[in-house]
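S.K.: Sharing a structure with you now.
Coordinate-derived values only; no laboratory data. Treat the numbers as computed from the prediction; the structure is a model and nothing was measured. Cβ: placed from backbone, ideal geometry, glycine included. Neighbour counts: every protein chain shown.
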Amino acid sequence: MSHARPYALALLLALAAPAAADPTICTDVCKFGKQDTLESLVVKDGGLAFLKGTHVTGDVTVEPGGILLMHHAEIGGSVMADGAERVIVKHSEIAGGVTIDDTRRIFVLHSTIGGTLRIEDSHPKGEAAKLIKNDVAGDLELVDNDFSDKKAILVHNDVTGSLRLISNANGKIMLVHNDIGGTLHCADNGSTLVGKKNHAGSVDCPGLE
């Protein structure tokens, strides 16, 4: 048997495989509705992407200076924002995780997240950062944020994993009526922590139960 045949067959299979689609790029005001299905989405500096009932089969990425507004959207991958002006997610379903880094306004409301929801190194301005009535299959984490004189509000979240508050500075973090399957963990926070009626598998944040 010729040794060339396996290589020829592999080449034919590679050529026959469909090429991955390029992501949809948003550099201005981009509106997508229920009729739209995107492979993936990248929101650039100065871009404002509004997804209303839109289905994205892959990831949504928000680059520095971008804005993402999602309402009743379905995301087959993850949502990742780094340096965004705003990330607002309402009544949406995300199969993967949500990572929001260095972002100035953050609302995640009434949404289902298949992975971890992580807010990191952010400095919210204006209204408080709000995480309300979400179903999180992974962990919920606030790490290295500076809330200045603002509030981060976590209310009625159902978290399968752990809820971690680590090295957050200034402002206030309010936790009310959160159900946590793992540990409610706090460490090295300069923010004032206020809470009641939170339920967790274990708690190392005195006074937040």
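S.K.: With a sphere of radius 11 Å drawn around the Cβ of THR183, what net charge do the other residues whose Cβ falls strictly inside it have (Lys, Arg +1; Asp, Glu -1)? Walk me through the numbers on the way to the answer.
M.R.: Values: positive: ARG164; negative: ASP139, ASP204.
Result for the local shell: -1.
S.K.: Another question about this same structure. Report the rotationally averaged projected area of region 116-209 based on its alpha-carbon convex hull, in square nanometres. Working shown, then result.
M.R.: Values: hull surface 19.1 nm².
Its Cα hull, projected and averaged over all orientations, spans 4.8 nm².
S.K.: Taking the Cα centre of the chain as origin, sum charge times position over the Cβ atoms of Lys and Arg (+1) and Asp and Glu (-1), and report the length of that vector in debye to the nearest 20.
M.R.: Values: 19 positive and 27 negative charges, 114 e Å.
In total the dipole reaches around 540 debye.
S.K.: State the three equivalent ellipsoid semi-axes of region 21-93, derived from the C-alpha gyration tensor as the square roots of 5 times its eigenvalues, in descending order and whole Å.
M.R.: For region 21-93, the semi-axes come out at 16, 13, 11 Å.
S.K.: Something else now. Relative to the longest principal Cα axis of the chain, at what angle does helix 4-16 sit, 0 to 90 degrees, rounded to 10?
M.R.: 60 degrees
S.K.: Turning to a different aspect of this structure: What translational diffusion coefficient, in µm²/s and rounded to a whole number, does the Stokes-Einstein relation yield for the chain at 10 °C and a viscosity of 1.306 mPa s, taking the hydrodynamic radius as the Kirkwood radius over Cα pairs?
M.R.: On the way: Rh = 18.1 Å.
Rounded, D is 88 µm²/s.
S.K.: With springs only between Cα atoms under 10 Å, which of THR112, THR37, THR99 fluctuates most in a Gaussian network model of the chain?
M.R.: Looking only at THR112, THR37, THR99, the biggest GNM fluctuation is shown by THR37.
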